[in-house]
């Protein structure tokens with residue numbers, strides 16, 4: 001690969017692991033990240049890293065052993081509960097199975113720390129990408145411009161790079177997740193930890209859900225089928241924790257007290273997030289010198305646990321293609337040929353998962369789904 005002008009937009013999992021693998025093979029790249037530093041924003045909760053995607057990427061990055069050391073004990077456990085608190089599924093888990101859990105912040109910092117100093121340009125927000133006669137140009141908020149032989153759009157849901165490739169934009173899924181947390185659960189919230197456990201929680205019913213992951217830090221999403229602008233027009237003051245908790249509790253008046261206590265005792269950072277997705281199976285015609293990875297390529301709802309794993313394997317596959325090909329365009333073609341069908345399958349699973357969780361008769365569809373999976377494994 002002759003070029004040294006590889007520009008990666010975004011220091012999320014996909015961009016970081018791509019840069020890491022390229023670095024291992026002596027190929028430089030630069031990541032342009034809008035945040036001022038690695039700790040500038042809350043990076044989400046726990047991630048289950050799959051053995052057929054995310055773990056493969058971490059092995060290629062030389063980081064699998066470090067990852068295993070930081071996974072959660074019992075992180076693969078799972079509980080499915082109805083709104084009355086009845087437990088339908090209660091599975092224990094291990095740290096060495098097919099989908100061990102790790103905190104997103106921990107995984108991201110591992111990847112950041114693995115890169116050579118200067119690989120990430122912090123506080124470098126890309127406001128546009130435009131085509132030129134010799135490639136593409138990144139336009140940064142500070143007024144500077146960066147010519148690039150290859151632009152990797154790892155810039156998430158509202159990708160600036162995507163506009164070069166397609167006019168399609170994400171659409172609202174009909175679900176808003178309000179993020180809540182209960183930190184230091186072992187000492188401060190023992191009842192919550194006893195209910196949620198150390199693995200995944202699915203409490204569902206009436207087109208609503210309390211979904212997330214346990215452990216000493218409990219991170220949950222309070223899911224509602226509401227209008228796209230609900231969080232802005234409902235009159236809820238999200239900067240006032242008491243107001244926000246009271247508003248959420250009004251949505252769950254007939255749910256079991258042990259479940260509503262998760263909301264009532266949550267920490268003061270409460271953040272509503274409307275969930276968006278690109279169309280299932282979305283693709284684009286190949287454009288020389290630019291491609292997308294992770295959410296920028298195939299944004300989907302989080303209800304199949306696929307997003308972070310796709311981000312990791314996308315970044316790894318693209319890096320591998322760059323290493324293996326003398327031509328940037330050949331590398332893009334090889335990468336996109338594998339990425340498109342994989343992303344389509346995961347997007348379908350995520351849309352399916354959304355409908356399982358947010359249904360009038362939930363959690364029955366969730367229980368049936370996991371029972372079917374267990375039967376397949378037995379047979």
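The values are calculated or read from the model by the stated rules, or taken from the named source; none is laboratory data. Quantities reported herein were computed from a predicted structural model and do not represent experimental measurements. In this analysis, Cβ positions are derived from the backbone assuming ideal geometry, glycine residues included, and neighbour counts consider all displayed protein chains.
Side notes on the structure shown:
- Scanning the stretch 270-292 for residues that are under 25 Å from residue 138 (Cα atoms) and out of contact with any strand residue (DSSP E or B) (no Cβ under 6 Å at 6 or more places or on another chain) yields 278, 282, 283, 284, 285, 286, 287, 288, 291.
- Subset tally (residues that are without any contact (Cβ under 8 Å) to a residue 12 or more places away in the chain and closer than 27 Å to residue 218 by Cβ) for the stretch 7-39: 1
- From the list 345, 258, the lone residue that is within 30 Å of residue 215 (Cβ to Cβ), part of a helix (DSSP H, G or I) and over 17 Å from the mean Cα position of the chain (by Cα) is 258.
- The condition (being touching a helix residue (DSSP H, G or I) at 6+ places or on another chain (Cβ under 9 Å), at pLDDT 95 or above and either over 17 Å from residue 308 (Cβ atoms) or not in a helix (DSSP H, G or I) (or both)) is satisfied by just one residue among 167, 142, 155: 155.
- Candidates 317, 330, 326 - the one that is crowded, with 16+ Cβ neighbours inside 10 Å and over 23 Å from residue 46 (Cα atoms): 317
- One residue stands out among those in the stretch 261-301 that are in a helix (DSSP H, G or I) and outside the structural domain of residue 178 (by TED's automatic domain parsing): the one that is nearest to residue 355 (Cα to Cα), which is 298.
- Residue in the stretch 109-118 that is at pLDDT 95 or above, buried (at least 17 other Cβ atoms within 10 Å of the Cβ), outside any loop (DSSP other than H, G, I, E, B) and more than 22 Å from the chain's Cα centre (by Cα) present: no
- Selection status of residue 161, surrounded by 20 or more Cβ atoms within 10 Å (Cβ to Cβ), under 21 Å from residue 312 (Cβ atoms), under 24 Å from the mean Cα position of the chain (by Cα) and not assigned by TED's automatic domain parsing to the domain that holds residue 299: no
- A Cβ distance below 6 Å, combined with a sequence gap of six or more or placement on separate chains, defines the contacts here; from the stretch 243-257, residues that are free of Cβ contacts under 8 Å to residues at least 60 places away in the same chain and assigned by TED's automatic domain parsing to the domain that holds residue 179 reach residues that are loosely packed, with under 15 Cβ neighbours inside 10 Å and outside any helix (DSSP H, G or I) in the pairs 243/237.
- Test for residue 147: is it in contact (Cβ under 8 Å) with a residue 60 or more places away in the chain and either surrounded by 18 or more Cβ atoms within 10 Å (Cβ to Cβ) or touching a helix residue (DSSP H, G or I) at 6+ places or on another chain (Cβ under 7 Å) (or both): no
- Boolean, residue 80 is in a strand (DSSP E or B), at pLDDT 95 or above and closer than 14 Å to residue 197 by Cα: yes
- Count of residues meeting criterion [in contact with a helix residue (DSSP H, G or I) (Cβ under 9 Å, 6 or more places away or on another chain) and part of a strand (DSSP E or B)] in the stretch 171-207: 11
- Out of 70, 20, 5, one residue alone is farther than 27 Å from residue 179 by Cβ and either surrounded by fewer than 24 Cβ atoms within 10 Å (Cβ to Cβ) or modelled with pLDDT under 95 (or both). It is 5.
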